[in-house]
Each structure stands twice: as structure tokens, then as C-alpha cells.
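One structure below.
The values are calculated or read from the model by the stated rules, or taken from the named source; none is laboratory data. Model, not experiment: these values are computed from the prediction. We place every Cβ from the backbone using ideal geometry, glycine too, and count neighbours over all the protein chains shown. Protein only, heavy atoms only, side chains kept; ligands, DNA and RNA dropped before computing areas. Shrake-Rupley method; radii C 1.70, N 1.55, O 1.52, S 1.80 Å.
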Amino acid sequence: PRHMDSVLDILDTLESPSWGGSPGTAAALGRGLGICSTPGCRAVLGEPPGTPERPPALTPGQWQLLTELLRHDPATPELGAVLAPDGSTVALGPLLAGIEAGLRSGGFGRPLPTLNPPADPLLAVTITEALGTSFLLAQGSDNNVTALGPGGCWDDVENPQNYTLRGPPSPVPDPVAIGAMDGVVLGARLARRPLPLAELLRNYYGTGNGSEAGRPPSSYRRRDFGALAGQGRLEKEVAAVLGVLRTLSPPPEFLRDVGTQEVATVAHRAAREFSERYVECPAIVPRCLWDARPYRGTPALLKSPLGSVFLHHTLEPAQPCRTFGACARAMRDMQHFHQDTRGWDDIGYSFVVGSDGYLYEGRGWHWVGAHTKGYNTQGFGIGIIGDFTATLPDPDTLALVRDELLPCAVRSGHIRPDFTLRGHRQLGHTDCPGNALFQEIQSWPSFK
């Protein structure tokens, strides 16, 4: 299966001392297979070695999977992605490029070159070259061409084989953005101290699809990436790497006749839009990833922007879910209850908030929900998984709603800037969203 666990099994084998492996083995193999095929990446990490042969330690099946995952093909970026235990889909190319840059900057392997003009090698091989390239190409095309996204869906979360993008691909679809952010976060960590990659990735993503061990560090990728490369720094580094590309001989075709001011404009737009989409806004797990049943009947369209947000707690399950596996199961259980017991067309909430760091798509932004009787066409219903009668969600989960979801929904035009936040109990005979949570939201800026 195209799951991170399959990759970790391969890394365990490649790094085994009995086979003469080391933390740099997988990164070097990846470059031989084509993960660093762009001009900027080659300028930083060097020309790739010759096409490698299968290491005797790997089975033919493992080698075939690794070859497919690491052979870079810009036309089909989804082929280089795997599903991680945290529910995110990660492109291995930028992840491994960041890992190699981190190891080498930390003194493990050949030193990295000094770039002219000065540019951060770690950001160059993960995200800034891809961002600059994508926005320049989109700028020269018609208005329907996107520079970021889209996301996609796996055919089977338990045994993922095929990932399908939900729209025309840009050079930075969601898996590439996620792999790049993880490459920056983990590359920066390896620059301080080399670690076996299998151990590093297991600790970062969690172990096993559906692990109950607790919220994995990868759920903080947006926060941690933002701390390392905020919007101002990202803008500077996109401009810098485009400057490096212009010094190459010959320069890439898309940079011909591009002036300094145009580079600055592209860098500003790329950094702003990437930060808004992947750093400031929370990640939303699509219905296909939590294995939602189809909607029954014909959904009614919402007319955005809406003026209200209604906050709920789910009550059942009573315990917050802290992993993708547990939250996805909770979503399925709620949908079954709403459809089979309540007789509704679908899960009632617009979105559901897990304590694993993610939002889960219910009815979504576009369809009328069944969350707040009499008011479903006027606002979005946000449910937080758990019973918050006596206790609160953890501070990170509260911040996810208050500081990320609500401002992002305003910026993206789904809710009005002067929207009103209310607890479910204000609009019906119910204790929802629980005494503790209702007390908490009364201090939020949009509460009325």
C-alpha cells in the first residue's frame, strides 16, 4: 500500500548497519531515482548520480514501490505521494530533498554550496523554487490556471493504492505543499542532530494508520513551518531562488524576459497565498478520507457569505479524539446515527473539529446542514468532538476554531466580516455546546 508505513519498512532496511546503511542512504537513493530533477534543486544538492540498481536488501516489490514514489513526474505529481498515519497525503520528493539538505547543512555528507544571490538551500529544495515556478507559470497563462492545489482522495484509506487529484494540478498540489513543509521542519531538525530517518519519521507522523497513542507532532506542521518561514521570510526566499535560477546557463525558459520588479511581485503573491492557504488556515480532511457515505437525496445550496456560526459539542463520542483513525471513526459513527437513526440526509454538521489538529468536512461550505433547527440556511454548524459539559477542549483545539477557522472563513468569503458566533443552546432547547464550552466562547470576539 502507498502508506507511510510501507516507506518506513523500506527505510528500516536501507538504514540497517548490517547492509552498510546510514541516514543519508535513502536521500542519495532518492536523488538517483529523480526526486531532485529541477534546476534549482540540482544547483543546491548537485547533479544526481547515475540510475541506481536495486539494493540487495530490498525485495523487488519494495524496489518497484520506491521507484514509482520517487520518480519525479510534474504531469502526475500524485504518483509520488503516500498517505501518512495522521491522515495527510505527503509527497516524498520535497520531503526527502529537505531531509538531505538538513543532513548536509548539519555536517553529514558533502557541504552544501553557497548560493549567489544568497538563498536558503533548505527552502530552495523544498518549497521556494516550486512556488516561484508555479506562480510565474500561472501568471503567463489564462485566468483559470491555479498556482496552488488541488487536494485529492485515496481509493481506500486502509489500503491506499491510487490517489486522485480533485482538479487540474498545479506544480504545488496539496501533497507537494505538505511534503515541502514537512521537509523544512524535519530538515531543520536534522541540521541540529542527525537521526535515523525511519525513527525520525515514525516519531513525527505517529505509528500505524489509526494509532491511539496521541496527537502526532505532524499535526503542528503549519505552525512549525510558519515559525521557520513566515510570510516575510518566504517572500524574500522565493525572490532569492528565482535570482539563483536567473544565473544558471541557460536560465529556465519561464524566466526569460522576466524583470526584477516582476520577480518581486510574484514572490509577494506566492508567499501571501501560500501562507494564507497552508499556514494561517487549518487543514480540512475531506469526506473521502474519513470514508463518508454518499449524501441521500439532493443537497440544498447555501448562499455565501453567511452571517452566523453555531458552535456545538458532539456529546457522543464523549471523549475527544486525538488521532486521525479515532476521529475518522467518530465521523462515520455520527453519520450513521444521523442518517440511520435520525433519518437525515447526511451528517448534520458543516464541519467537525477533532483534537488531532484537523477539521473534518461534513456538509462543507456549500450545502445546507442539519445542525441548528430553524437556522440551517443562515449559518455554518461547527461541532467539536467530545462532551464539554464540565471540561474544555484542549487549548490547541480551541485556538484552531477561534484563531484559524473563523478568520480563514472570513478571508475566503464564506462568512461575513461582521458574523455572529452563538452556542447551539441560544437557538433551541438544548444544553449544547456544554456549560464549560459555552462559558468559554462568551469571551470570543464574535460571540453575541
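Here are the numbers for this structure:
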| quantity | calculated |
| --- | --- |
| Selection status of T341, in the same structural domain as H313 (by the TED database), more than 29 Å from the chain's Cα centre (by Cα) and buried (at least 21 other Cβ atoms within 10 Å of the Cβ) | no |
| Any chance G297 is over 30 Å from L359 (Cβ atoms) and open to solvent by less than 70 Å² (accessible area, probe 1.4 Å) | no |
| Residue in the stretch 364-383 that is open to solvent by less than 70 Å² (accessible area, probe 1.4 Å), among the aromatic types (F, W, Y), touching a residue at least 60 places away in the same chain (Cβ under 8 Å) and in a loop (DSSP other than H, G, I, E, B) present | yes |
| Residue in the stretch 207-214 that is in contact with a helix residue (DSSP H, G or I) (Cβ under 7 Å, 6 or more places away or on another chain), modelled with pLDDT of 95 or more and not polar (S, T, N, Q) present | no |
| Candidates L195, L190 - the one that is modelled with pLDDT of 90 or more and either open to solvent by less than 10 Å² (accessible area, probe 1.4 Å) or closer than 25 Å to I99 by Cβ (or both) | L190 |
| Residues of the stretch 255-302 satisfying the condition of being outside any loop (DSSP other than H, G, I, E, B) and over 28 Å from T89 (Cα atoms) | L255, T260, Q261, E262, V263, A264, T265, L301 |
| Residue within the stretch 160-171 that is in contact with a strand residue (DSSP E or B) (Cβ under 9 Å, 6 or more places away or on another chain) and among the small types (G, A, S) present | yes |
| One residue from G109, G87, G132 being at pLDDT below 95, farther than 18 Å from P23 by Cβ, open to solvent by less than 60 Å² (accessible area, probe 1.4 Å) and of a type outside the set (V, I, T) | G87 |
| Residue list for the stretch 236-278, filter: closer than 30 Å to D356 by Cα and crowded, with 20+ Cβ neighbours inside 10 Å | A270, A271, F274, S275, Y278 |
| In the stretch 215-234, residue modelled with the lowest pLDDT [restricted to those that are in a loop (DSSP other than H, G, I, E, B) and over 23 Å from L83 (Cα atoms)] | G230 |
| The listed residue being closer than 18 Å to H3 by Cβ, assigned by the TED database to the domain that holds L234, of a type in the set (D, E) and in a helix (DSSP H, G or I), out of E100, E68 | E68 |
| Cβ-Cβ under 8 Å pairs, at least 6 apart or on other chains, the stretch 28-40 side in contact (Cβ under 8 Å) with a residue 12 or more places away in the chain and surrounded by fewer than 18 Cβ atoms within 10 Å (Cβ to Cβ), far side part of a loop (DSSP other than H, G, I, E, B) and of a type in the set (V, I, T) | G32/T51 |
| Single condition I178 does not satisfy, out of (1) in a loop (DSSP other than H, G, I, E, B); (2) within 15 Å of P77 (Cβ to Cβ); (3) at pLDDT 95 or above | (1) |
